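> Encoded as structure tokens, here's the structure I'll be asking about.
Derivation of every value follows stated rules applied to the coordinates shown; laboratory data play no part. Since this is a predicted model, take the numbers as computed values, not measurements. Don't worry about glycine lacking a Cβ; one is built from the backbone with ideal geometry, like all the others, and counts go over all protein chains shown.
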Amino acid sequence: MGFLPDNFTCDVCGAPKREVNHWWNIDLNGEIARQKDNSLVGNIHSAFVLIPFDPAAARQASIITVCGQTCAHKVVDEYLSNMLVASK
Ligand SMILES: [Zn+2]
């Protein structure tokens, strides 16, 4: 998400992307780690993959776009909380 025709926005705070921002993309669905046969690496059922901002990745609906460390940490916190709930 976070993709508009001409620019990108942060999926957490809604900030518009500018040239010099240190943005990130987060993949919670294994799209980036997926192998050619469409399986995930190893026995992974859930993955948290953080990469430097990549326009092609950011255009995928399942990829989260964030504007910096603060918003990335919010996604990390949510992911960890969900994993704790799921493991109970
Ligand atoms: Zn943000």
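> Spin-label point model (7 Å from Cα, Cβ direction): what's the residue 7 to residue 31 distance in nm?
That separation, rounded to one decimal, is 2.2 nm.
> Ranking 77, 54, 11 by Cβ neighbours within 10 Å, fewest first, what do you get?
Ordered by Cβ neighbours within 10 Å, fewest first: 77, 54, 11.
> I've got another one for you. Taking the beta-carbon count within 10 Å as an exposure proxy, list 32, 63, 51 from fewest neighbours to most.
Sorted ascending by nearby Cβ count, the order is 51, 32, 63.
> Another question, then. May I ask you to evaluate 6.51 cos²θ - 1.76 cosθ + 1.60, the Karplus curve with θ = phi - 60°, for each residue of segment 78-85 and list the ³J(HN,Hα) values in order in whole Hz, giving x for glycine and proline?
Those phi angles translate into 5, 4, 5, 4, 5, 5, 5, 5 Hz.
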